[in-house]
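Chemist: I have a structure I would like to understand better, so I am pasting it below and will then ask my questions one at a time.
The values are calculated or read from the model by the stated rules, or taken from the named source; none is laboratory data. Everything numeric in this text was worked out from a predicted model, so none of it was measured. Using ideal geometry, Cβ is built from the backbone for each residue, glycine included, and neighbour counts are taken over all protein chains shown. Please note that ligands, DNA and RNA were not included when accessible areas were found on the heavy atoms of the full protein model with its side chains. Shrake-Rupley method; radii C 1.70, N 1.55, O 1.52, S 1.80 Å.
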Amino acid sequence: MKKILIIGLGSIGQRYASLLHQHGGLEIFALRQQGNDVVEGVKNLYSWDEVASAKPDIAFITNPTSLHIATAIQCARLGMHLFIEKPLDKNLLAFDELHAIVKEQQLQCYVAYNLRFHPGILDLKEVLSQESYYYAHILNSSYLPAWRPGADYWKNYSGQALFGGGVLLDLSHELDYAQFLFGEIQHIEGYFEHSSDLKIDVEDTADLSVFFINQRRIQIHLDFCSLPVERVIKVFGQKSVYIVDLIKNTFQTYSYDGSIKEVNYEIDRNAMYARQIDYFLIGLRNETSVDNLEESAKLLKCIIEFKAGKK
């Protein structure tokens, strides 16, 4: 039986716990503070000494962004493979230490960007493997107060600089799947700002020109201060224009001869998280590499340099 430790049992941590139960043969622990409620099927641990005694095989790190690398280092020192919810962290100050421990102990470290498992993105990647494109732009627009109805949005770490909030990190899915689709990112240009009256101390809007090492460029807009919710990828290819809608779960193809085709994906909210867990656990079981630590660090470095005004 594999032992899994979850650190950060908020909404995303509980989602992973529920999905992990479906695998069977897993014993699930969570590092909690005294007095926390018990989550069904999860055994609470209250100190790193208790964690060491339990000897988990794998850590799912789902606490605030600013704690990711520090937490990963503690888990790696205890010999755990690492599944880190995106992004890797808000900075790379302790990255070299984490990287060294992971290599020394021959651990797998996977930074989780679940949208790579969306069927529309996978289908678009297949198209782009066979057809070049002229231009692309990506839009992710939403409204932070609507993310968790009934909760005070300004208490959400997404809106707090201290914990690594802001659209550039919290909505970095778009930068990650852009890299997945179009190639390694070289640098980012553009601007970001706090443009709304939301009670937060981070940027809520960014308009980016993303440059790749293959000399191509695309545009990305990010915000969490507007309605309606939109999440769309539009690619102008040699043969057609392709539009993937990640909210409606559709893939539209507009051919230059005037024909139109639409694919509708029947997927639920947990589907991509489940596929991602399968990818990670099956990779560990088969001893195949799922490690993307260096790739994720390069992406974070690009974001940090952009925020600092560097190229």
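Chemist: Tabulate in residue order the Karplus-calculated ³J(HN,Hα) for segment 153-166, using 6.51 cos²θ - 1.76 cosθ + 1.60 with θ = phi - 60°, rounded to whole Hz; enter x for Gly and Pro.
Modeler: For segment 153-166, the Karplus curve yields 4, 6, 8, 5, 4, 4, x, 10, 4, 4, 9, x, x, x Hz.
Chemist: Quick check on segment 151-220: take the gyration tensor over C-alpha atoms, sort the square-rooted eigenvalues as a ≥ b ≥ c, and tell me if it's rounded (a/c under 1.5), prolate or oblate. Mind showing how you got there, number by number?
Modeler: On the way: a/c = 3.28, a/b = 2.21, b/c = 1.48.
Cα axes put segment 151-220 in the prolate bin.
Chemist: Let me ask something else about it. Give the long-range amide H neighbours of Leu82: residues separated by 5 or more places, or on another chain, with amide H under 5 Å away, using H modelled in the peptide plane at 1.01 Å from N.
Modeler: Excluding prolines and chain starts, which carry no amide H, the hits are Ala59, Gln108, Cys109, Tyr110.
Chemist: So, with a 1.4 angstrom probe, what is the percent of accessible area on segment 127-246 that is carbon and sulfur? Working shown, then result.
Modeler: Values: 2740 of 5200 Å².
Accessible surface attributable to carbon and sulfur in segment 127-246 totals 53 percent.
Chemist: Given H placed 1.01 Å from N in the peptide plane, which residues other than close sequence neighbours of His23 have an amide H under 5 Å from its amide H?
Modeler: none
Chemist: While we're looking at this one, here's another question. Run the numbers on the chain and let me know its relative contact order in percent, using alpha-carbon pairs under 8 Å that are six or more apart. Can you show the working numbers first?
Modeler: On the way: 582 pairs, mean separation 51.9, N = 311.
About 17 percent, as a whole number.
Chemist: Could you state the accessible area per residue of segment 17-73 in Å², with a 1.4 Å probe and every protein chain left in place?
Modeler: With all protein chains present, segment 17-73 gives 47 Å² per residue.
Chemist: I would also like to ask the following. In segment 186-264, which chymotrypsin sites (Phe, Trp or Tyr not before Pro) are in a loop and have at most 15 other Cβ atoms within 10 Å, using DSSP for the loop call? Could you put the intermediate results ahead of the total?
Modeler: Working: sites: Tyr191, Phe192, Phe211, Phe212, Phe224, Phe236, Tyr242, Phe251, Tyr254, Tyr256; in loops: Phe224, Tyr256.
Passing sites in segment 186-264 are Tyr256.
Chemist: Could you pull out every residue, at least 5 positions away or on a different chain, whose amide H is within less than 5 Å of the one on His187? Hs are placed 1.01 Å off N in the peptide plane, and Pro or chain starts have none.
Modeler: Close amide H contacts, sequence-distant or interchain: Phe211.
Chemist: For helix 11-21, report the angle its Cα long axis makes with the longest principal axis of the Cα atoms of the chain; keep it between 0 and 90° and round to the nearest 10°.
Modeler: Value to nearest ten degrees: 70.
Chemist: Run through all the Cα pairs of segment 50-121 and give the fraction in each 10 Å bin from 0, expressed as whole percent.
Modeler: Bins of 10 Å from zero give 20, 50, 24, 5, 0 percent of pairs.
Chemist: OK, next. Evaluate Rg over Rh across segment 223-305, taking Cα atoms for both radii and Kirkwood's formula for Rh. Working shown, then result.
Modeler: Values: Rg = 17.7 Å, Rh = 16.4 Å.
Reported Rg/Rh, Kirkwood definition of Rh: 1.08.
Chemist: Something else now. Looking at the chain, which longest stretch skips every one of the GluC sites (Glu not before Pro) that is in a DSSP loop with at most 11 other Cβ atoms within 10 Å, leaving the sites themselves out? Don't jump to the answer; show the numbers that get you there.
Modeler: Numbers: sites that count: Glu40, Glu266, Glu287.
Value returned for the longest uninterrupted segment is 41-265.
Chemist: For segment 6-152, state the semi-axes of the equivalent ellipsoid (square roots of 5 times the eigenvalues of the alpha-carbon gyration tensor), sorted largest first and rounded to whole angstrom.
Modeler: Details: eigenvalues 186, 89, 54 Å².
Over the Cα atoms of segment 6-152, the ellipsoid semi-axes are 30, 21, 16 Å.
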